[in-house]
Amino acid sequence: MSIVSSIVSSEHAPAKRRSGLRRVAIALILPIGLLLAWGIASDRGWLPEQILPSPAYVYSTAVEMTTSGEIFYHAGVSLRRVVIGFLFGAVAGLALGMGMGLSQRVDDYVRPLFLAFAQIPTLGWIPLLMLIFGIGETLKIIVIAKGALVPMAMNTAAGIRSVPANFVEVGHALQFSRWQTLRIIVLPGAAPSIFTGIRYGLTHSWTALVGVELLASSEGLGYLLVWGRQMFWLDVVMVAMIAIGIIGFTMDKALDISETSLQRWKQEEGS
């Protein structure tokens, strides 16, 4: 049976590769088109160079900032902040989501206030948090953590509630303890939804990081955006925007690959 499966998979491998290359080519159409439009617009002077620098000029600035290590320094500062803030927010969101998903009483008490809390945009909390914590690192970590807290809690609670009741009944029939039921049945069943919460939480944390660095920071990629705008160096602004987009895309893609690998491993283990 395994030989037949390997033959079938080897026959489908070229088709999968062609399909993958086709998807990559389709995904590149829009970025290449925007790059060409940008080059034409700057070459023909449709906008002043101070507002729309040429792609070649932005590229030279990117090379200069990369060679000097400036872009790596600011990216490192931003990544350190987002990792710390995301971990705090994800752990708190996981605990809160588990409480709401496992206990109807906790859900009844917490959910109304939590939903009201979630409706306020993360950046809307910054003025109040500035008055309490100042503009130091604590402010940034709390804002980033809040960005991860909401999607993590909501997806964890939804995932736990979606576990079929008969699965839990099987655990009771096997005389599982509450911890065994949670570890063996509930959390694996809720894992896809929890992983979705991790992805959305990281995306929201990265967005919140850039926002808080725009308003209260002297280093980081968000600070580069503000500094470039104040100095009217639009090439620096564009380099910072590109770096923010690349890092955000890379983090999301890494989580997507990890989730796919985890699901494939679970399927192989189950089979």
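The values are calculated or read from the model by the stated rules, or taken from the named source; none is laboratory data. Note that this is a predicted model, so its numbers are computed, not measured. Cβ: placed from backbone, ideal geometry, glycine included. Neighbour counts: every protein chain shown. Quick note on the areas: whole protein, heavy atoms, side chains included, nothing else; ligands and nucleic acids left out. Shrake-Rupley method; radii C 1.70, N 1.55, O 1.52, S 1.80 Å.
A few notes on this one:
- Taking first residues from the range 220-231 that are surrounded by 19 or more Cβ atoms within 10 Å (Cβ to Cβ) and partners that are of a type in the set (D, E) and assigned to a helix (DSSP H, G or I), the Cβ contacts under 9 Å between residues at least 6 apart in sequence or on separate chains come to G220/E213; L221/E213; G222/E213; Y223/E213; L224/E70; L224/E213; L225/E213; G228/D235.
- Residue selected from the range 147-186 under the condition free of Cβ contacts under 8 Å to residues at least 12 places away in the same chain and touching a helix residue (DSSP H, G or I) at 6+ places or on another chain (Cβ under 8 Å), by the criterion surrounded by the fewest Cβ atoms within 10 Å (Cβ to Cβ): H172
- Number of the exception - P151 against (1) under 20 Å from E219 (Cβ atoms); (2) at pLDDT 90 or above: (1)
- Total residues in the range 118-137, condition open to solvent by 40 Å² or more (accessible area, probe 1.4 Å), more than 18 Å from W206 (Cβ to Cβ), in a helix (DSSP H, G or I) and touching a residue at least 12 places away in the same chain (Cβ under 8 Å): 1
- Filter result for the condition that a residue is within 24 Å of V83 (Cα to Cα), of a type in the set (S, T, N, Q), out of contact with any Asp or Glu (no Cβ under 7 Å at 6 or more places or on another chain) and in contact (Cβ under 8 Å) with a residue 60 or more places away in the chain, over S205, S193: S205
- Of all the criteria given as (1) at pLDDT 85 or above; (2) surrounded by fewer than 17 Cβ atoms within 10 Å (Cβ to Cβ); (3) of a type outside the set (V, I, T); (4) in contact with a Phe, Trp or Tyr (Cβ under 9 Å, 6 or more places away or on another chain), the one not satisfied by G245 is (4).
- Pair list, Cβ under 7 Å, 6 or more apart: the range 54-79 residue over 12 Å from A243 (Cα atoms) and touching a residue at least 60 places away in the same chain (Cβ under 8 Å), other residue in a helix (DSSP H, G or I) and open to solvent by 30 Å² or more (accessible area, probe 1.4 Å): V58/M238
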